[in-house]
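Written out below as structure tokens is the structure these notes cover.
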Amino acid sequence: MEEQKNKAFKGIEELQVKFGSQYGKEEENAVLTVIREGAPTSSEWCLTFEENFAEYCGSKYAKTVSNGTAALFLSLVALGVGPGDIVVTTPLTWIASASVGVTLGAKVVFADIDPNTYNMDMGKLEQVIRTCGGVKAVIPVHLYGQCCDMDQLMFLSRKYNFAVVEDACHAPGAEYRGKKAGTFGSFGCFSFHEQKNISTLGEGGMVVTDDPELFEKLRLYRSHCTRVYGKSTKYCSFNEERQPENKQFWFQDFDDCGYNFRMADVQAAVGIEQLKKLDSHNQKRIDIARVFDIGLQNIPGVRLPYDSKMGKHIYHLYPILIDEDAFGVSRDDLVYDLYYNYGIKVGTHYRAIHLSKAFRKRGFTSGMFPAAEYVSDHIATLPIHPRLTPELIDYLIKAIREIGGWG
């Protein structure tokens, strides 16, 4: 193992959870092309990326945004979420899934997770809805690249009349019963952060929807609620039957006070090339996950990811659950040992967000969501991305076995 460790260190930077992106000559050429065009803000490249992404997902509309958080935020804005409304999400996610509701003045509550998939438990969700009364929106998170139980969620949506905003930031290209993640609810939200399965130069995002009225409202608030005469790649247009131009082609007005959450063309140009590679990159992740499955099987105290077989799991991350008593080492010691003795930086996605300072001061305490809390304390998320070589994968597997004494 020592000889292999030294050899593996030549590429050890690839065994970090920080980066999931993979760029090539196509992306480099796209960047140069846009720079030579003057590197405009949201222009024709963004429109092309939106059209391609909508077609890929099977959605009628798509709009580029600055990041996944902006996608979630604008979706709630378009739905009219505000003070007095209730928004439900999962406690096992990145804080953005919950903070977007908080920043709009809504009351955010949580529904505990399914202990198998780590996604929102639909039985717990219904209990929360009955307790809270009227719920304005539910934000399910397709965690690690596996879709939630969308059949049951959409049934509950119809039964209790709430909107669904899918947090598909981990799941571009994932499927549930043959339908793409992000296409079930009122909105589907995607992130193109550097860790994600698609990346647009470090940050970026997309929103998809089939509802023309919601799409128009989202477009408005994305870009200062601005209206102009004629067609614009950034702004919405006046209805000239109601408000004729009268030679004032330069005139603009604002329906409300909005935001600037636009994507730049240089990012969109990269996104166009990334989207062409998405299915093949996702397949590489799936293939690597199968190797992990084999290499880490039958280790006492290591629980491998559960695949519900209800769709296509694209493995944004590869989560393992550590039982200290059976494995011989705690999750925290495993994560520490992998980094400081093997140069491997794994993640702990995620700490249950209701236990963060932000939500403790909003009345949440330990013990409220036991399934999420258990997973939060025992989860380790392994780096998985298309750049991993067989040698690095083998090195990671052997390191975990060696640390637990199961080599």
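Restricting attention to the chain, close to 60% of DSSP beta bridges with both partner residues there are antiparallel. So what does the Cα-only Debye profile of region 241-325 read at q = 0.12, 0.14 Å⁻¹, as log10 I(q)/I(0), no solvent term? Debye output, listed in q order: -0.66, -0.75.
When the chain is described by a simple charge dipole with +1 on each Lys and Arg Cβ and -1 on each Asp and Glu Cβ, the residue from LEU76, ASN246, LEU275 located farthest towards its positive end is ASN246. For the peptides 180-193, 50-63, 361-374, residues were scored by their other Cβ atoms within 10 Å and the scores averaged per peptide; the highest-first order is 180-193, 50-63, 361-374.
A full extension of the chain between THR103 and GLN127 corresponds to an added length of 6.1 nm, given 0.36 nm per residue minus the alpha carbon distance. What you get for the chain, charging only the Cβ of Lys and Arg (+1) and of Asp and Glu (-1), is a dipole of about 500 debye around the Cα centre.
Quick check for you: with a 1.4 Å probe and neighbouring chains kept, what is the accessible area per residue of region 305-356, in Å²?
43
Working value for the chain: equivalent-ellipsoid semi-axes of 38, 27, 17 Å, each the square root of 5 times a Cα gyration tensor eigenvalue, largest first.
Give me the extension gain from ILE95 to ILE294: residue separation times 0.36 nm, minus the current Cα-Cα distance, reported in nm with one decimal.
Contour length minus the Cα-Cα distance gives 68.4 nm.
Extension gain, MET368-GLN16: 0.36 nm per intervening residue step, less the Cα-Cα distance, totals 123.5 nm. For region 53-130, the share of alpha carbon pairs falling in successive 10 Å distance bins from zero is 18, 39, 35, 8 percent. Once you've got the Cα coordinates, tell me which of LYS217/LYS277; LYS60/LYS312; LYS277/LYS312; LYS276/LYS309; LYS196/LYS277; LYS60/LYS179 are over 20 Å apart. In this structure, LYS217/LYS277; LYS60/LYS312; LYS276/LYS309 exceed 20 Å between Cα atoms. Using a probe of 1.4 Å, the accessible surface attributed to ARG387 totals some 60 Å² when neighbouring protein chains are kept in position. Computed with a 1.4 Å probe over protein heavy atoms only, the accessible surface of region 161-269 comes to 44 Å² per residue. So how tilted is helix 150-160 from the main axis of the chain? Cα-based, degrees 0 to 90, rounded to 10. Rounded to the nearest ten degrees, it is 50. For region 283-407, the orientation-averaged shadow of the C-alpha convex hull comes to 8.9 nm² (one quarter of the hull surface).
Within the accessible area of region 117-190, what % is carbon and sulfur when the probe is 1.4 Å and the other protein chains stay in place?
Here it works out to 43 percent.
Helix 25-36 and the longest principal axis of the Cα set of the chain meet at an angle near 30°.
Loop-resident trypsin sites (Lys or Arg not before Pro) (DSSP state other than H, G, I, E or B) in region 231-294 with no more than 12 further Cβ atoms inside 10 Å of their Cβ: LYS231, ARG242, LYS247.
Across all C-alpha atoms in region 35-190, the radius of gyration and Dmax reach 15.9, 57 Å. Using all pairs of distinct alpha-carbon atoms, the Kirkwood hydrodynamic radius of region 146-271 works out to 16.7 angstrom.
The values are calculated or read from the model by the stated rules, or taken from the named source; none is laboratory data. Just so you know, these numbers come straight off a predicted model, no measurement behind them. No Cβ is skipped: glycine too gets one built from the backbone with ideal geometry, and neighbour counts run over all protein chains shown. Note: areas computed on protein heavy atoms with side chains; ligands, DNA, RNA excluded. Shrake-Rupley method; radii C 1.70, N 1.55, O 1.52, S 1.80 Å.
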